Amino acid sequence: MMIRRGESKVSNVPSENLITFIRKRALLGTDELSGDGKNWIRVDRHYQLQKYFPIDGEGPATQAEVGELNPGLKGNLEEVADLLKDING
């Protein structure tokens, strides 16, 4: 799975960890997901993930709430992806 936020992309993110990333607010509703790198969908519009982004606004943070991409966030996501790859073999 690939995650895109603005111009930044992170590859090889295990799909089974997306909900954890949403709950920890590392993955925002405005971020986009793709399995092939060509077709992208916003996380909060994905049919299996939209329930984690309530309409009342009390769900996980959106990009508008936290501002632009934190310079360290891409590195953090890549580090998490690498750790998960190591764990999952």
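Observations on the model:
- Qualifying residue in region 36-45 (condition: at pLDDT below 90 and surrounded by fewer than 14 Cβ atoms within 10 Å (Cβ to Cβ)): no
- One residue stands out in region 9-35 among those that are touching a helix residue (DSSP H, G or I) at 6+ places or on another chain (Cβ under 8 Å) and hydroxyl-bearing (Ser, Thr, Tyr): the one that is surrounded by the most Cβ atoms within 10 Å (Cβ to Cβ), namely Thr30.
- Those residues of region 29-43 which are among the acidic types (Asp, Glu) and under 13 Å from Ser8 (Cα atoms), in sequence order: Asp31, Glu32
Each row is one residue, and each column tells you yes or no for (1) modelled with pLDDT of 70 or more; (2) surrounded by 13 or more Cβ atoms within 10 Å (Cβ to Cβ).
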residue: Leu49; (1), (2): yes, yes
residue: Asp56; (1), (2): no, no
residue: Thr62; (1), (2): no, yes
residue: Leu83; (1), (2): yes, no
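- Restricting the first member to region 22-36 and to residues that are more than 9 Å from Arg4 (Cα to Cα), and the second to residues that are aromatic (Phe, Trp, Tyr) and surrounded by fewer than 18 Cβ atoms within 10 Å (Cβ to Cβ), the beta-carbon pairs closer than 9 Å and six or more apart or on different chains are Ile22/Tyr52; Arg23/Tyr52; Gly29/Tyr52.
- Taking the criterion of being assigned to a loop (DSSP other than H, G, I, E, B) and either of a type in the set (Lys, Arg) or modelled with pLDDT of 95 or more (or both), the residues of region 1-30 that qualify are Lys24, Arg25.
The values are calculated or read from the model by the stated rules, or taken from the named source; none is laboratory data. Please read all numbers here as calculations on a predicted model, not as lab measurements. Methodologically, a virtual Cβ is constructed for each residue, glycine included, from the backbone with ideal geometry; neighbour enumeration extends over all protein chains shown.
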